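Peer 1: Supplied in structure tokens, the structure appears directly below.
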Amino acid sequence: MKIAFVGKGGSGKTTLSSLFVRHLAATAQPVVAVDADINQHLGPALGLDEAEAAALPALGEHLPLIKDYLRGSNPRIASADTMIKTTPPGTGSRLLRVRENNPVYDTCARPVELDGGTARLMVTGPFTDADLGVSCYHSKTGAVELCLNHLVDGRDEFVVVDMTAGSDSFASGMFTRFDITFLVAEPTRKGVSVYRQYKEYARDFGVVLKVVGNKVQGQDDLDFLRAEVGDDLLVTVGHSDWVRAMEKGRPPRFELLEDVNRRALRMLEIAADATYELRDWERYTQQMVHFHLKNARSWGNERTGADLAAQVDPGFVLDESVTAPV
């Protein structure tokens, strides 16, 4: 299951996504965690110290390897240089699976030991001084989108992506790559404004959107969120001494997380699992093609010097039964 955490800056989405990753790992479920936020805080939230987080390999720095591997023997892609972030898979493409070992994971993922289990962590890499004035952060997240386009995951496998803040996710088609999106919202006008934006943008793409109320301190906060987001409100989270200790770099054993918050994480898992029956791989593939053609027309064809529409394999549908070349 592919799961996104979104929300405005400071809403607590990275904290909640890290707690969800810990919850999945503690229940021995395979999980790949991806930090696609400009602020790259997921590693520390999963317990890495500053040096360990800084040493994580950046996906964006290994794009040639990623493209070459995913291209496989796909005859519609003349070279890895013509692949862009939206390039969809086709016959002959190599695919990524959660449980496997492959050159992309070997180079770009690192195991993170958590209480009771292990998660694979991948990061886009930070936005550096060298990027200022010459690139945008969406060039960093392009590697994530390309990997998600080539990812096949099953019911009991999880990919958790901490997305960039606000509505920046809509700068590409990546917001359609998930089975469910958890929008973390504080009980404030600013907190729910991102929800309204996301709801409006995602409406025509079949995005399953659920709100996780964070920093909820009482009935008034709960009533506010219910009035603003209605049935999209899935669960709320309040103060956590465990999280406060984690933010100080001294997390207790995960089994000591407050019962109310453990139940909230379990509700997130149940909600994600319920979307499995809603999967529509044909629509998923069509959305990939839609955004690829849109990007090809707007900038991709000119940048690569190729007709990127020719990369689309009209008879190909990505689903769990697809096999790919070794």
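The values are calculated or read from the model by the stated rules, or taken from the named source; none is laboratory data. Since the model is a prediction, treat every value here as computed from it, not as a measurement. No Cβ is skipped: glycine too gets one built from the backbone with ideal geometry, and neighbour counts run over all protein chains shown. Side chains are part of the model used for accessible areas, which takes the heavy atoms of the whole protein and leaves out ligands, DNA and RNA. Shrake-Rupley method; radii C 1.70, N 1.55, O 1.52, S 1.80 Å.
Peer 1: What residues qualify as long-range amide H neighbours of VAL34, i.e. H under 5 Å apart, gap of 5 or more or another chain, H built at 1.01 Å from N?
Peer 2: Counting only residues 5 or more places away or on other chains, the set is MET122, VAL160, VAL161, ASP162.
Peer 1: Please list log₁₀ I(q)/I(0) at q = 0.18, 0.20, 0.24, 0.25 Å⁻¹ for region 226-326, using the Debye equation with identical point scatterers on the alpha-carbon positions.
Peer 2: -0.92, -1.01, -1.27, -1.31
Peer 1: Lys/Arg Cβ at +1, Asp/Glu Cβ at -1, dipole of the chain taken about the Cα centre: which of SER93, VAL123, GLY12 is farthest positive-ward?
Peer 2: After comparing all options, I get SER93.
Peer 1: Compute the signed sum of charges (Lys and Arg +1, Asp and Glu -1) over the other residues within less than 13 Å, Cβ to Cβ, of GLN29.
Peer 2: Working: positive: ARG22, ARG99, ARG120, ARG155, ARG266; negative: ASP153, ASP156, GLU157, GLU269, ASP273.
Net of charged neighbours comes to 0.
Peer 1: Now for a different question. Give the residue from VAL194, TYR105, LEU308 lying farthest towards the positive end of the charge dipole for the chain; charges sit on Cβ (+1 for Lys and Arg, -1 for Asp and Glu) and the dipole is referred to the Cα centre.
Peer 2: LEU308
Peer 1: Cross-link candidates for LYS248: which aspartates and glutamates have Cα within less than 16 Å, leaving aside residues fewer than 8 places away along the same chain?
Peer 2: Excluding near neighbours in sequence, the set is ASP49, GLU50.
Peer 1: What trypsin sites (Lys or Arg not before Pro) does region 240-276 have in DSSP loop regions with at most 15 other beta carbons within 10 Å? Please report the intermediate quantities before stating the final value.
Peer 2: On the way: sites: ARG244, LYS248, ARG253, ARG262, ARG263, ARG266; in loops: LYS248, ARG253.
Counting only loop positions with at most 15 other Cβ atoms within 10 Å, the trypsin sites (Lys or Arg not before Pro) in region 240-276 are LYS248, ARG253.
Peer 1: Greater than 20 Å separation of Cα atoms is the criterion. Which listed pairs, LYS85/LYS199; LYS8/LYS199; LYS2/LYS210; LYS13/LYS190; LYS13/LYS210, meet it? Mind showing how you got there, number by number?
Peer 2: Values: LYS85/LYS199 24 Å; LYS8/LYS199 14 Å; LYS2/LYS210 14 Å; LYS13/LYS190 15 Å; LYS13/LYS210 13 Å.
The answer is LYS85/LYS199.
Peer 1: While we're looking at this one, here's another question. Which listed residue (ILE66, THR82, ALA54) has the Cα farthest towards the positive end of the charge dipole for region 51-97, taking +1 on Lys and Arg C-beta and -1 on Asp and Glu C-beta about the Cα centre?
Peer 2: THR82
Peer 1: Carbon and sulfur together cover what percent of the accessible area of the chain at a 1.4 Å probe radius?
Peer 2: 49
Peer 1: Summing -39500 (n - 2.57) over the DSSP H runs of n ≥ 4 in the chain and dividing by its residue number, what mean residue ellipticity at 222 nm do you reach, to the nearest 500 deg cm²/dmol?
Peer 2: Result for the chain, helices only: -10500 deg cm²/dmol.
Peer 1: Assign unit charges at the C-beta atoms only (+1 for Lys and Arg, -1 for Asp and Glu), then state the dipole size of the chain relative to its Cα centre in Debye, rounded to the nearest 20.
Peer 2: Values: 36 positive and 45 negative charges, 70 e Å.
That gives the chain a dipole magnitude of about 340 debye.
Peer 1: Also, I was wondering about something else. Just round it to a whole percent: the fraction of Cα-Cα distances in the chain exceeding 26 Å.
Peer 2: Tail of P(r) above 26 Å: 46 percent of Cα pairs.
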